[in-house]
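Here is the structure we will look at, set down as structure tokens.
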Amino acid sequence: MKNLIDKAIQTHNLSKKELTEILKEDSINEYLFSAANEVREKFVGNEVHLRALIEFSNICKRNCFYCGLRAENKNCERYRLSKAEIINFSQHAVDLGYKTIVMQSGEDDYFKTDYLAEIIQEVKKTDVALTLSIGERTFEEYKTLKAVGADRFLLRIETTDEELYRKMHPKMSLEKRKQCLYNLKKLGFETGSGCLVGLPGQTLDSLADDILFFKELDADMIGIGPLIVHKDTPLKGNENGSFTLALKVMALTRLLLPDINIPATTAMETLNPNGRIIALQSGANVVMPNVTQGDYRQKYEIYPGKICVNDTPDKCRGCIGEKILSIGRTIGQNYGFRPKNRKEIK
Ligand code: 5AD
Ligand code: SF4
Ligand code: FES
């Protein structure tokens, strides 16, 4: 088994069968994590890139079975930030030194493309890269958003298992989701994806397929998080995903896609109080601290127990900065593009 991992360090390739074998075997976990840590250091160095997350609307027309923001959840108190609030939160993030703003929301049609375009243009007047995480839109809409200055886009595939995808996502299709990702790549967005680990009925085989899909897509960023069960969703009563298994999927993704950006996800920290630091030492090189202000944070309850819901942007920036330095890593001073896409903006 260690031979397989050694091979992956050299070739950045593993077959589905090999991936599944590694996922199944827990005796090699530490070896896997340190291999991913080595590959991370060799290809993307010791910098940790910070991305400032603004959760600008928790209104969503979809009904993903796992998510607290799903349209049918009547216990979720909905909000939408105004244009002025978004710009203000973004400016504050810039003042804190962030070089990337991530604008994330549910699939909220109130934010039509032209309106989003106005906001993007304002945010881009400051010296930042801009990432959108707003779900599925048409090719033309993505094209407009790119043209007005959005640099990156996050759209997790969630699972590549067709049957599971159908069960978890009413009225959605895996094929459309993949098409969105290929459209984003074609338009020149740095394209991020990722998956959930621990969906009911998900197999190790299907997680291996997810990793191979990331490679096939040549994703620029991959975010992986364990499922955290939300009681106001159809997954109520199920078990949470495993922190360790999510970490393994993440580490294997680093071995196969050595130069991409990989966040230490908030969901990992929710299941393990030291989760993000452990992730940063097992292949991750990005953290996405929350810069949403006021009581909007609590209301963006994708899953329960989300960290930092009572904290401020300043508190989180200080907290994560210290943690990163305490493990001998540095904080990225630039936009943090994938090395092969590196560019000057503005
Ligand atoms: N637990 C963990 N992650 C979740 N997401 C949605 N609901 C949950 C949950 N219950 C993730 C999805 C989505 C991202 C924004 O949050 O993967 O893409
Ligand atoms: Fe909406 Fe995204 Fe939640 Fe699905 S995962 S319900 S699209 S916010
Ligand atoms: Fe928010 Fe630590 S990152 S308090």
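Determine whether GLU18 is touching a Ser or Thr at 6+ places or on another chain (Cβ under 8 Å) and among the acidic types (Asp, Glu).
So GLU18 fails the test.
Results for (1) under 27 Å from TYR335 (Cβ atoms); (2) within 16 Å of ligand 1 (Cβ to nearest atom); (3) touching a residue at least 40 places away in the same chain (Cβ under 8 Å), shown as yes or no for each residue.
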{"position": "PHE243", "(1), (2), (3)": "no, yes, no"}
{"position": "LYS248", "(1), (2), (3)": "no, no, yes"}
{"position": "GLU269", "(1), (2), (3)": "yes, yes, no"}
{"position": "PRO273", "(1), (2), (3)": "no, no, no"}
{"position": "ILE277", "(1), (2), (3)": "yes, no, yes"}
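Among the residues of the stretch 16-67, how many are part of a loop (DSSP other than H, G, I, E, B) and either surrounded by fewer than 16 Cβ atoms within 10 Å (Cβ to Cβ) or at pLDDT below 95 (or both)? Lay out the reasoning, then the answer.
So the first thing to find is which residues in the stretch 16-67 are part of a loop (DSSP other than H, G, I, E, B), and the list is 25-28, 45-46, 51, 58-67.
Okay, now just the ones that are also either surrounded by fewer than 16 Cβ atoms within 10 Å (Cβ to Cβ) or at pLDDT below 95 (or both), so 25-27, 45-46, 61.
The qualifying residues number 6.
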query: Does ALA117 fit the bill of being crowded, with 23+ Cβ neighbours inside 10 Å, outside any loop (DSSP other than H, G, I, E, B) and small (Gly, Ala, Ser)?
result: no
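Pick out the one residue from ASP95, ASP114, ASP151, ASP108 that is of a type in the set (Asp, Glu), under 20 Å from the mean Cα position of the chain (by Cα) and away from ligand 2 (no atom under 16 Å from the Cβ). Don't jump to the end; show me each part of the working.
Working: ASP95 fails: under 20 Å from the mean Cα position of the chain (by Cα); ASP114 fails: under 20 Å from the mean Cα position of the chain (by Cα); ASP108 fails: away from ligand 2 (no atom under 16 Å from the Cβ).
Selected residue: ASP151, the only one of ASP95, ASP114, ASP151, ASP108 that is of a type in the set (Asp, Glu), under 20 Å from the mean Cα position of the chain (by Cα) and away from ligand 2 (no atom under 16 Å from the Cβ).
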message: Among (1) exposed (fewer than 13 other Cβ atoms within 10 Å of the Cβ); (2) free of Cβ contacts under 8 Å to residues at least 12 places away in the same chain, there is one condition LYS2 misses while meeting the rest; what is its number?
response: (2)
- prompt: Applying the selection to the stretch 224-279, what residues are more than 16 Å from ligand 2 (Cβ to nearest atom), small (Gly, Ala, Ser) and surrounded by 24 or more Cβ atoms within 10 Å (Cβ to Cβ)?
  reply: ALA246, ALA251, ALA264, ALA279
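Only residues that are away from ligand 3 (no atom under 16 Å from the Cβ) and either more than 28 Å from GLU72 (Cβ to Cβ) or touching a strand residue (DSSP E or B) at 6+ places or on another chain (Cβ under 7 Å) (or both): list them for the stretch 84-99, please.
Across the stretch 84-99, the qualifying residues are ALA84, ILE86, ILE87, ASN88, SER90, GLN91, VAL94, ASP95, LYS99.
Within the stretch 115-139, can you find the residues that are in contact (Cβ under 8 Å) with a residue 12 or more places away in the chain, farther than 16 Å from THR191 by Cβ and not hydroxyl-bearing (Ser, Thr, Tyr)?
LEU116, ALA117, GLU118, ILE119, ILE120, GLN121, GLU122, VAL123, LYS124, ASP127, VAL128
The values are calculated or read from the model by the stated rules, or taken from the named source; none is laboratory data. Since we're looking at a predicted model, the values are computed, not measured. All Cβ positions, even for glycine, are placed from backbone atoms using ideal geometry, and neighbour counts span all protein chains on display.
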